[in-house]
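Below is one structure, written out as structure tokens; comments come after it.
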């Protein structure tokens, strides 16, 4: 008798996260609910209550405490998970540094949501990207299938390099949208992701410290080792992605390139926006336009070398950012320009900020951006796309106009 190793199911992105966590046989979950990730921890709590997942579910009073509990669980060697969004991720900020610095392979799902104020519960990548310097690896999924797969891959990579991973999925666009997802049989996942044996952990009779005092003669070396681990992680991500392809028929790397062979104009995107961009580019290519798509799947470690190789031969690049670094410009755009700075023959790079706070990005927006970037002689750092009323038309009280001028 042949035993099926996959089951096709219709899952939301949040449900896909929970299924991935269950398949990974996580041992400790600590979480606090926040829209739009609440369904993840609800589903996991149900799995634990029904005995489907042999894990300890820790209810806490805040996201800061959730990450502190994960720190403790990972320090004793448990495979550990949490989930959050937006303001919750911001509240975790201190503990993100602690967990990365302690080299704990925690995995967290972050359902991308705009930061307040003004209050918003819709998709925006600024929440995760504002944490990019904490030492966490960051992965961004395009589809619900990739969400599930990325949870499994996150543990495989984190447990090799001893760094935590944040798996990002767009709020509502993925988290609450149902798609067909292949859910793998547990015994197949066990072969890919066996039990984790932590090389360093707290245990009775073996005194050890995590996060102890480092004097000026030692601190720099700790940062160096963290940086070396992050650099090594880029290769490990590619290796584990190739191993995943052998096991399950789908491979993942640092980037995903499509229609790039003859592309003169390249659109660079992150997350679910790639699906819209793909449809628009396919139509543009039918019209004879030489346009390619480059999706950045991993933002930390940032794939500098892979991007340089992928963009050789391109004349112009449009970087689409669903985020903003106030006082600067789009974060992916800044990273791409940094990656290309040393290239002797580099394409022009223009940065477009769009889709903030969940604003729709439509195929006609993508086509408009392609037309716009093709008209530009050189790159432009910050182009706002899809805004409503220009600032001059937004009502402002008279007493505040001078201050805002």
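None of the figures in this text is laboratory data; all of them are computed from the coordinates on show. Every value quoted in this text rests on a predicted model; they were computed, and no experiment measured them. Every residue, glycine as well, gets a Cβ built from its backbone with ideal geometry; the counts of neighbours run over all protein chains shown.
At-a-glance table
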quantity: With Cα atoms, 0 to 90° folded angle of helix 144-161 axis to the chain main axis; calculated: 60 degrees
quantity: Cα gyration tensor shape of region 90-202, rounded if a/c is under 1.5, else prolate or oblate by comparing a/b with b/c; calculated: oblate
quantity: The chain, helix-only ellipticity at 222 nm - DSSP H runs n ≥ 4, -39,500 (n - 2.57), divided by all residues, nearest 500; calculated: -12500 deg cm²/dmol
quantity: On Cα atoms only, tilt of 273-286 relative to the major axis of the chain in degrees; calculated: 40 degrees
quantity: Pairwise Cα inverse-distance average, inverted: Kirkwood Rh of region 185-297 (Å); calculated: 18.5 Å
quantity: Hull volume in cubic angstrom per residue (convex hull over the Cα atoms of region 255-384); calculated: 102 Å³
quantity: Percentage, to the nearest whole number, of Cα pairs in the chain over 35 Å apart; calculated: 28 percent
quantity: Between 0 and 90°, nearest 10: helix 38-49 axis offset from the chain longest Cα axis; calculated: 20 degrees
quantity: Largest-first principal axis extents of the Cα set of region 1-119 (Å); calculated: 55, 37, 23
quantity: Antiparallel bridge percentage (DSSP; both residues within region 255-384; nearest 5); calculated: 20 percent
quantity: Whole-Å semi-axes of region 3-64's equivalent ellipsoid (Cα gyration tensor); calculated: 22, 15, 8
quantity: Residues 384, 136, 5, sorted so that the one with the fewest Cβ neighbours within 10 Å comes first; calculated: 384, 5, 136
quantity: Label point at residue 287 placed 7 Å out along Cα→Cβ; residues across region 234-274 whose backbone nitrogen lies under 15 Å; calculated: 265
quantity: P(r) histogram, all alpha-carbon pairs of region 147-193 included - 10 Å bins from 0, percent; calculated: 22, 44, 30, 4
quantity: Most mobile of 359, 79, 286 in a GNM of the chain (Cα contacts under 10 Å); calculated: 286
quantity: Distance in nm between pseudo-label sites at residue 342 and residue 203 (7 Å out along the Cβ direction from Cα); calculated: 4.2 nm
quantity: Cα centroid separation, region 332-390 to region 48-77 (Å); calculated: 41 Å
